[in-house]
Amino acid sequence: MVKLGGTYSATGYWKAAFCLTDVHKMPYFTRLILFLFCLMVLVESRKTKRKRWTGQVETPKPSHLYKKNLDVTKIWKGKPQQLLRVDEHDFSMRPAFGGPAIPVGVDVQVESLDSISEVDMDFTMTLYLRHYWKDERLAFSSASNKSMTFDGRLVKKIWVPDVFFVHSKRSFTHDTTTDNIMLRVFPDGHVLYSMRITVTAMCNMDFSHFPLDSQTCSLELESYAYTDEDLMLYWKNGDESLKTDEKISLSQFLIQKFHTTSRLAFYSSTGWYNRLYINFTLRRHIFFFLLQTYFPATLMVMLSWVSFWIDRRAVPARVSLGITTVLTMITIITGVNASMPRVSYVKAVDIYLWVSFVFVFLSVLEYAAVNYLTTVQERKERKLREKFPCMCGMLHSKTMMLDGSYSESEANSLAGYPRSHILTEEERQDKIVVHLGLSGDANAARKKGLLKGHMGFRIFQNTHAIDKYSRLIFPASYIFFNLIYWSVFS
């Protein structure tokens, strides 16, 4: 058997056997014919082997339903380097070197606004930056190609604008899966140069109205080496040169608007440069700070007012309540300042928190004044009792303590009161002791009414006048402050 292409062919076996027969017994002419026949068999077997392993199969012609027009802009003949003649020019020089400034148009598409940092006073933005200019050295003649597109490898061989971001802290060009750079060259020499960049730039923020503030930040573009005499940087389509994604959103800010501006920047050592600005305005959402800062501070102030309704003799209750509210306010103030830069001016939130802290602290001082005056009053009553012993021997009598605010005529007009017990003017200023004799049927009818009046008088005596006035003054003052605060800063 004869092995052809890894398999054994029965036909080849018989042909080989026929060729290997005893040829010596045949005539010369017959042997010559047989030799030619065997040679033809071997040639045909080699052709069959070559077709089997080359994998050349006929592909069916596509149906007219799937017919697609050819993109003539993608047809090129020869190598791009030879077509562009990159090696024939010196691209270290700008186009039209020695002549007028080359105009370079710019447009930007903002992909995302990633973060805004109040502590670092910066923002992070991802964008597509595109440049447009004309370089006649890259012009090529082509009847079929409307443009040629290249990746970042050609950028290193030709001249491109040296645009950088002013006041940027960090920036990089994305390189997954390859460098996100595109270069498109047109036959007349016009060039489109696009790249995808993430940049972190500085933003000067004013926190005087924080958190009821609005911030305006700018991303600035400028040529690093070429002045306005060599390179004229401009927005290609005016305000339409800046495109933004409608899905861009931030958690703490509302993006109000994007707009573009341009102006000249002067450096004393190098000259004037064209500078482009991407401006955007942000307004802070207030609801987060209402829940985390304003509502807790307001509740702590209202909680401090509860002590005005607690008995002034309940020292542990009122002191612990005052200290708790003061410490809570300090915690709130510390938490807010920890997430803010250390600015040298007063912020709007500082005004609200510190005024709230003053109200809480004044409630503690109010009880300190009440407790001091109560102690002084009790000391005077104790001295007064030592001067006038208890008159327990008098039948149907009762002692009633009256404030010194009663007039002298009212005190001396009490009938049946012994003359010897009328106090001097100095003692009457501290306290007047009146002994009311209750005897007979005339006083029995008024006994019940006097008892009720005595109980009400004792309640008024235990609730100091300062507490009574504080119940009205503190809430009214805090409400007035809130009206002024929100009308000024909102």
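Things to note:
Listed here are the residues, each with its yes/no results for (1) at pLDDT below 95; (2) crowded, with 19+ Cβ neighbours inside 10 Å; (3) in contact with a His (Cβ under 8 Å, 6 or more places away or on another chain).
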{"position": "ASP188", "(1), (2), (3)": "yes, no, no"}
{"position": "TYR193", "(1), (2), (3)": "no, yes, yes"}
{"position": "ALA201", "(1), (2), (3)": "no, yes, yes"}
{"position": "GLU220", "(1), (2), (3)": "no, yes, yes"}
{"position": "TYR234", "(1), (2), (3)": "no, no, no"}
{"position": "ASP239", "(1), (2), (3)": "yes, no, yes"}
{"position": "LYS243", "(1), (2), (3)": "yes, no, no"}
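- Strands (runs of 3 or more DSSP E) contained entirely in the stretch 152-223, each with at least 1 residues that are closer than 30 Å to ILE286 by Cβ: 168-173, 190-202, 214-223
Here's the yes/no breakdown for (1) touching a strand residue (DSSP E or B) at 6+ places or on another chain (Cβ under 9 Å); (2) open to solvent by 20 Å² or more (accessible area, probe 1.4 Å); (3) of a type outside the set (Lys, Arg):
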{"position": "VAL301", "(1), (2), (3)": "no, no, yes"}
{"position": "GLY322", "(1), (2), (3)": "no, no, yes"}
{"position": "GLY335", "(1), (2), (3)": "no, yes, yes"}
{"position": "LEU365", "(1), (2), (3)": "no, yes, yes"}
{"position": "ARG382", "(1), (2), (3)": "no, yes, no"}
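- Pairs where the first residue, in the stretch 304-323, is on the phi < 0 side of the Ramachandran plot and the second is open to solvent by 30 Å² or more (accessible area, probe 1.4 Å) and in a loop (DSSP other than H, G, I, E, B), C-beta under 7 Å, 6+ apart: ARG312/HIS464; ALA317/ILE310; ARG318/ILE310
- Residue, farthest from PHE481 (Cα to Cα), within the stretch 294-335, restricted to residues that are among the aromatic types (Phe, Trp, Tyr) and within 29 Å of the chain's Cα centre (by Cα): PHE295
- So ASP213, is it among the charged types (D, E, K, R) and either assigned by the TED database to the domain that holds THR334 or open to solvent by 50 Å² or more (accessible area, probe 1.4 Å) (or both): no
- So GLN256, is it open to solvent by 50 Å² or more (accessible area, probe 1.4 Å), touching a helix residue (DSSP H, G or I) at 6+ places or on another chain (Cβ under 7 Å) and either of a type outside the set (Val, Ile, Thr) or closer than 30 Å to LYS347 by Cβ (or both): no
- Every residue from the stretch 249-271 that is over 30 Å from ASN337 (Cβ atoms) and either under 19 Å from the mean Cα position of the chain (by Cα) or outside any strand (DSSP E or B) (or both): LYS257, PHE258, SER268, SER269, THR270
- Taken together, the residues in the stretch 272-328 that are farther than 20 Å from LEU212 by Cβ, part of a helix (DSSP H, G or I) and hydroxyl-bearing (Ser, Thr, Tyr) amount to 6.
The values are calculated or read from the model by the stated rules, or taken from the named source; none is laboratory data. Everything numeric in this text was worked out from a predicted model, so none of it was measured. Cβ: placed from backbone, ideal geometry, glycine included. Neighbour counts: every protein chain shown. Note: areas computed on protein heavy atoms with side chains; ligands, DNA, RNA excluded. Shrake-Rupley method; radii C 1.70, N 1.55, O 1.52, S 1.80 Å.
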